[in-house]
């Protein structure tokens, strides 16, 4: 049954083609519960079978992620900030706290967006604070694309690896390998954030001299 479900996923992605990957990943990048693990790994399986180009799969996945993130960004910028500032007192949130949060994202939006795209759950929500803080749109799209491209590349490789095996046991294989990849990324992301913080402090100290 599980193997049949995986075969259905693979054939569905094949029928939809690259535009289908763009649309599905745009949905995944929004707040709708469509995990990327059911979109990109099946495309990686098709790449292992020679039925799709792996580079095009990653590009389509990243493009879809950018489009979905831009939709969330625009929605948050349009509705999020006015609502938060109007009703913050009902949630015991000070106006000054909101302003500090927005200022933080304006100054550190690039690293926050890039890292957020590589962390489960957060990748679906990182566009919202970016939109509320009115992060520069070009930078937001760039760092969203970089993070999403890396994640899509990892998922495509997982699908390619499983597609090269004699048998795919089921959709849980995609989930298991994806979870392992996400956990393996955490130390690297922690090092990246530490380097960013160090470079930022050094730059600010030089500017104050």
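The values are calculated or read from the model by the stated rules, or taken from the named source; none is laboratory data. Source: prediction; values computed, not measured. Using ideal geometry, Cβ is built from the backbone for each residue, glycine included, and neighbour counts are taken over all protein chains shown.
Scanning the stretch 108-125 for residues that are modelled with pLDDT of 85 or more and either in contact with a strand residue (DSSP E or B) (Cβ under 9 Å, 6 or more places away or on another chain) or outside any helix (DSSP H, G or I) (or both) returns 117, 118, 119.
Whenever a residue of the stretch 128-150 is touching a residue at least 24 places away in the same chain (Cβ under 8 Å) and on the phi > 0 side of the Ramachandran plot, its partners that are part of a helix (DSSP H, G or I) and crowded, with 16+ Cβ neighbours inside 10 Å, lying with C-beta atoms within less than 7 angstrom and at least six residues away or across chains, give the pairs 134/77.
Evaluating residue 208 against the criteria (1) modelled with pLDDT of 80 or more; (2) surrounded by fewer than 10 Cβ atoms within 10 Å (Cβ to Cβ); (3) over 28 Å from residue 128 (Cα atoms) leaves one unmet condition, (1). The residue that is farthest from residue 165 (Cα to Cα), among those in the stretch 53-70 that are crowded, with 24+ Cβ neighbours inside 10 Å and over 13 Å from the mean Cα position of the chain (by Cα), is 60. Residues in the stretch 126-142 that are modelled with pLDDT of 85 or more and part of a loop (DSSP other than H, G, I, E, B): 135, 136. A count restricted to the stretch 28-52 and to residues that are part of a helix (DSSP H, G or I) and surrounded by fewer than 17 Cβ atoms within 10 Å (Cβ to Cβ) stands at 0.
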